[in-house]
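See below for the structure under consideration.
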């Protein structure tokens with residue numbers, strides 16, 4: 001769900017926090033489907049997947065080496081602050097924070113301490129799967145000001161961060177095929193800039 005024009009009109013200052021739990025590129029493979037072959041098929045599939053993961057990690061080793069001095073969190077923070085700095089209609093109360101922990105308790109602390117009219121949480125993840133780079137950002141906004149409370153979808157007064165209290169929820173994605181070790185830093189930077197730009201554009205164009 002996107003912001004409506006009325007919601008954006010009632011939105012005063014907005015505080016944002018980007019959560020990036022991982023500190024390195026995840027290397028994954030698409031799980032093998034054992035089909036209808038039962039337990040034996042599942043065991044065979046698990047063995048195949050383990051071998052494929054080991055091969056994928058070995059193949060990705062040069063990329064991980066290139067990323068030893070690369071700080072995706074810092075790049076994502078810079079890209080996010082650059083993107084929101086261009087928004088004419090939504091005013092962030094401070095530059096976006098970047099946190100390493102994504103948990104309900106951490107979000108509640110950020111939410112409770114905020115004096116902004118609403119709080120935006122963005123969970124970012126990135127991975128290398130079968131030689132392709134995938135990054136995603138899940139953005140959720142919760143209201144704090146009285147003017148925005150009316151827009152909650154299924155109000156739960158007992159839990160301000162309940163899913164039904166969100167007035168905005170979007171998922172953004174980025175992918176790049178056949179990435180290489182020599183380009184991985186640039187590709188991750190491109191992913192961060194793309195996600196940040198997508199979020200800013202969506203916030204700036206309400207329904």
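Summary of values
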| quantity | calculated |
| --- | --- |
| Pairwise Cα inverse-distance average, inverted: Kirkwood Rh of segment 76-207 (Å) | 16.0 |
| Distribution of pairwise C-alpha distances over segment 97-142, 5 Å bins, in % | 5, 17, 26, 20, 12, 9, 6, 4, 1 |
| Ranked 108, 15, criterion: other C-beta atoms within 10 Å, fewest first | 108, 15 |
| Pair-distance profile P(r), taking every C-alpha pair of segment 167-207, with 10 angstrom steps and integer % | 25, 43, 22, 9, 0 |
| Inter-site label distance for residue 178 and residue 150 at 7 Å from Cα along Cβ, in nm | 5.5 |
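Taken together, the values in this text are just the output of simple stated rules run on the coordinates, not laboratory data. No experiment lies behind these values; they were computed from the predicted model shown. Reconstructed Cβ throughout: ideal geometry from the backbone, glycine too, with neighbour counts over all protein chains shown.
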